[in-house]
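Have a look at the structure below before the remarks.
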């Protein structure tokens, strides 16, 4: 952790960046590029123990070759990665090198509890490292810290184990067990394909029929997907993740799993019983484990004191800027919740922040 100044005193800076995943590092890079100095003009706070963002918490069997789209950070390519190495190691090492190369001086581990309006028109950022006073803020906190657990009748009566993707550590722990996997996204299918050779039985359950995408995920498809997510945040609705609307890529592994019956999907059950799950039509499946691959929600509780949420439940956005407060930029939220989207959003946020600060960018 980087510490300077008296811990009890409020420290002044122009910009606070919260989060050092892809989105936060992109924002920090562009702040540095326009001439702002780390630990003077801006500060980067990250609550994770090590570089790597949420990637450092991914399960070991999620190798780099299985990653659903990883785009290099601005200014430094990720090259020569071993597809068989855990993605947590590959991306953790890459982020470490990136922070060092651009001297971003990330403060970690630092928890941000709240961002409030200060009496002097600045933002008061309350953290475990002390309090910061800032003129603008980039919130790049992602979703990993807010796993979504749906609620179903009887859930508390289940005698087996329930866990979320956030707690998944690999397939070996499910050896000989009957596993129900809930969720139609990439994580759910990856879990099923890994667990099936070890488990006594697997059952796949989703709310909606899964969509398998044929053909390449090209630029036109990408633009259409981002536009769909962008429309939601412009209306102040909670964003859908970009990944959730791209569909599942129909690769060779998926085809084999479908042929083998691993990806035979059942509609969502109606209730959970002590011994498994059940449907109102009389069908039931016994289970030892329910694995919820049900995604994540935006981790933005620290912004609650600013009252940015709309009646629809989301923060209404104009680009990266919160409509209710032009000092607040969300990067990695809504349409920028992808690695390439976060890069572009980091640059856009810094461009607007420089206008707010009424500072001319340095020539770089």
- prompt: Do we find that residue 125 is assigned to a strand (DSSP E or B), assigned by TED's automatic domain parsing to the domain that holds residue 57 and under 15 Å from residue 24 (Cβ atoms) in this structure?
  reply: yes
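Within the range 164-200, which residues are under 22 Å from residue 270 (Cβ atoms) and surrounded by fewer than 15 Cβ atoms within 10 Å (Cβ to Cβ)? Explain how you work it out, then say what you get.
First, pick out the residues of the range 164-200 that are under 22 Å from residue 270 (Cβ atoms): 164, 178-185, 188, 192.
Across the range 164-200, there are no qualifying residues.
Test residue 291 against the stated conditions and say whether it is in a strand (DSSP E or B), surrounded by fewer than 20 Cβ atoms within 10 Å (Cβ to Cβ) and in contact (Cβ under 8 Å) with a residue 40 or more places away in the chain. It would help to see each step written out before you state the result.
Numbers: in a strand (DSSP E or B): yes; surrounded by fewer than 20 Cβ atoms within 10 Å (Cβ to Cβ): no; in contact (Cβ under 8 Å) with a residue 40 or more places away in the chain: yes.
So residue 291 does not fit the description; no.
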When residues of the range 281-300 are limited to those that are modelled with pLDDT under 95 and out of contact with any strand residue (DSSP E or B) (no Cβ under 7 Å at 6 or more places or on another chain), the one nearest to residue 199 (Cα to Cα): 295
field: Search result, residues across the range 186-217 that are within 19 Å of residue 149 (Cβ to Cβ), out of contact with any helix residue (DSSP H, G or I) (no Cβ under 8 Å at 6 or more places or on another chain) and at pLDDT 95 or above
entry: 203, 205
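Quick one: in the range 94-135, of everything that is on the phi > 0 side of the Ramachandran plot and in contact (Cβ under 8 Å) with a residue 60 or more places away in the chain, which residue is surrounded by the fewest Cβ atoms within 10 Å (Cβ to Cβ)? Steps first, please.
Step one: list which residues in the range 94-135 are on the phi > 0 side of the Ramachandran plot, which gives 103, 105, 121, 130.
After this cut, where a residue has to be in contact (Cβ under 8 Å) with a residue 60 or more places away in the chain as well, the list is 103, 105, 130.
Numbers: 103: 10, 105: 18, 130: 16.
Step by step, filter the range 94-135, then rank; the result is 103.
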- prompt: Among the residues of the range 109-117, is there at least one that is closer than 18 Å to residue 55 by Cα and either in contact with a helix residue (DSSP H, G or I) (Cβ under 7 Å, 6 or more places away or on another chain) or modelled with pLDDT under 95 (or both)?
  reply: no
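Do we find that residue 31 is buried (at least 20 other Cβ atoms within 10 Å of the Cβ), touching a strand residue (DSSP E or B) at 6+ places or on another chain (Cβ under 8 Å), outside any loop (DSSP other than H, G, I, E, B) and assigned by TED's automatic domain parsing to the domain that holds residue 113 in this structure? Steps first, answer last, please.
Details: buried (at least 20 other Cβ atoms within 10 Å of the Cβ): yes; touching a strand residue (DSSP E or B) at 6+ places or on another chain (Cβ under 8 Å): yes; outside any loop (DSSP other than H, G, I, E, B): yes; assigned by TED's automatic domain parsing to the domain that holds residue 113: yes.
Yes: the conditions hold for residue 31.
With respect to residue 259, is the statement that it is more than 23 Å from the chain's Cα centre (by Cα), free of Cβ contacts under 8 Å to residues at least 40 places away in the same chain and assigned by TED's automatic domain parsing to the domain that holds residue 30 true?
Here the answer is no, as residue 259 does not meet what is asked.
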- request: Within the range 127-146, track down each residue that is modelled with pLDDT of 95 or more and over 13 Å from residue 47 (Cα atoms).
  value: 130, 131, 132, 133, 134, 135, 136, 137, 138
field: Enumeration of residues in the range 62-93 that are outside any helix (DSSP H, G or I), in contact with a helix residue (DSSP H, G or I) (Cβ under 7 Å, 6 or more places away or on another chain) and modelled with pLDDT of 85 or more
entry: 62, 63, 73, 74, 75, 76, 78, 81, 82, 83, 84, 85
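Please find, among 91, 18, the residue that is in contact (Cβ under 8 Å) with a residue 12 or more places away in the chain and either touching a strand residue (DSSP E or B) at 6+ places or on another chain (Cβ under 7 Å) or outside the structural domain of residue 330 (by TED's automatic domain parsing) (or both). Please lay out each step first, then the result.
On the way: 91 fails: either touching a strand residue (DSSP E or B) at 6+ places or on another chain (Cβ under 7 Å) or outside the structural domain of residue 330 (by TED's automatic domain parsing) (or both).
Within the list 91, 18, the selection yields 18.
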query: Restricting to the range 94-122, what's the tally of residues that are outside any loop (DSSP other than H, G, I, E, B) and over 19 Å from the mean Cα position of the chain (by Cα)?
result: 10
- prompt: What number of residues in the range 62-88 are in contact (Cβ under 8 Å) with a residue 60 or more places away in the chain and under 18 Å from residue 144 (Cα atoms)?
  reply: 4
query: Which one is surrounded by the most Cβ atoms within 10 Å (Cβ to Cβ) among residues in the range 302-329 that are modelled with pLDDT under 95 and under 17 Å from the mean Cα position of the chain (by Cα)?
result: 320
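The values are calculated or read from the model by the stated rules, or taken from the named source; none is laboratory data. Bear in mind that the values here come from a model prediction, so they are computed numbers and not experimental data. Quick reminder, even Gly has a Cβ in these numbers, built from the backbone with ideal geometry, and neighbours come from all protein chains shown.
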